[in-house]
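Report on the structure given below.
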Amino acid sequence: TSFFFFKQKTAYEISACLVGSEMCIRDRRRVHGDKQLLKPKKEKVMSGLQKYNHLFSKLKLGDFELKNRIVMSPLTRCRADKRTCVPNELHVEYYSQRASAGLIITECSQVTPISQAFPGAAGIHSEEQAQGWKAVTDAVHNNGGKIFLQIWHGGRACHPYNLNGIVPLGPSPLAIRAKAHTAEGSKWHETPREMTEEDIQNVIREFRVGAENALKAGFDGLELHAANGYLIDSFIRDWTNRRQDKWGGSVENRGRLCLEVIDQLIAVFGPGRIGIRFSPVGRTNDMYDNDPISTYTYLVQELDKRNIAYIHFLEPDER
């Protein structure tokens, strides 16, 4: 479950695809070739939602007024060209089908070729990728929807097999104690290379370029993926960040990269069109923090000063 907190109005919104949940089932089974289940039972879905009429009321979200309170959370799809990472007609169809939601947040989109944790993830670091996403945003807007791009760096969750042999980056040389998805199946994660000051500054610039490409692609806003053990999250939490420089140690130092990236996104889109996703106690990708209350209290206070549109919290998982 996902919870969305909005400036001046706190509410929790529906995760994933409550809008046309049968459409998700149809889409997933179509990919797997189960043609007997192509027809969604839309009437059944909508009748079940009638008792939640408040979900269909409008909601102020940053610079926008959403037509309803149903938010489609980001869902990894891996349908882009595996070589170019360019979105295609499947992305156009998938997101335009869901434009009746108050807001769509896309799957995570990497800001550089060496930040891709999933084969087939759609990027936002090239002009060709931006053009591919432009077809998606046009289709969503033509159907009356709003769409944010979830902007992302995979960090230590990447695998050299998916990066043409390049060792992934991380705040500290600490490998994920699990297996990664690759085109040849699951492989154990390898130890990331500890980032230098130059690496960190490069990543901040790459997020800025990704934001500029997203603006060209017609997105209404951005959600920074700072959850689930990817690069930003791995700097925030003390289990993965063992640094002794200005990027590690104190809560303020561990949160520095997150806030500097947020400032770059705000510089491109404005604060009212920026959100962020956190998983304070999530264990995905071998994550942990010794004092999540202090860590995330600091970050929320800093983000509140910046007046961003929303903060997207993930519920604890069971691991």
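The values are calculated or read from the model by the stated rules, or taken from the named source; none is laboratory data. None of these values were measured; they are calculated from a predicted model. Note that we place each Cβ from the backbone using ideal geometry, even for glycine, and neighbour counts take in every protein chain shown. Just the protein is used for accessible areas: all its heavy atoms, side chains included, with ligands, DNA and RNA removed. Shrake-Rupley method; radii C 1.70, N 1.55, O 1.52, S 1.80 Å.
Of note:
- When Leu224, Leu265, Leu314 are screened for being touching a Gly at 6+ places or on another chain (Cβ under 8 Å), aliphatic (A, V, I, L, M) and surrounded by 24 or more Cβ atoms within 10 Å (Cβ to Cβ), only Leu224 passes.
- The set of residues from segment 57-82 being assigned to a strand (DSSP E or B), open to solvent by 70 Å² or more (accessible area, probe 1.4 Å) and either in contact (Cβ under 8 Å) with a residue 24 or more places away in the chain or closer than 16 Å to Gln150 by Cα (or both) comprises just one member, Lys60.
Yes/no matrix, rows are residues, columns are (1) surrounded by fewer than 22 Cβ atoms within 10 Å (Cβ to Cβ); (2) touching a strand residue (DSSP E or B) at 6+ places or on another chain (Cβ under 6 Å); (3) touching a residue at least 60 places away in the same chain (Cβ under 8 Å):
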residue: Ser250; (1), (2), (3): yes, no, no
residue: Pro271; (1), (2), (3): yes, no, yes
residue: Ile274; (1), (2), (3): no, yes, yes
residue: Arg283; (1), (2), (3): yes, no, no
residue: Met287; (1), (2), (3): no, no, no
residue: Asn290; (1), (2), (3): yes, no, no
residue: Tyr298; (1), (2), (3): yes, no, no
residue: Ile308; (1), (2), (3): no, yes, yes
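- Scanning segment 84-129 for residues that are under 19 Å from Asp220 (Cβ atoms), in contact with a Ser or Thr (Cβ under 8 Å, 6 or more places away or on another chain) and assigned to a helix (DSSP H, G or I) yields Tyr95, Gln129.
- Total residues in segment 197-221, condition open to solvent by 80 Å² or more (accessible area, probe 1.4 Å) and touching a helix residue (DSSP H, G or I) at 6+ places or on another chain (Cβ under 7 Å): 1
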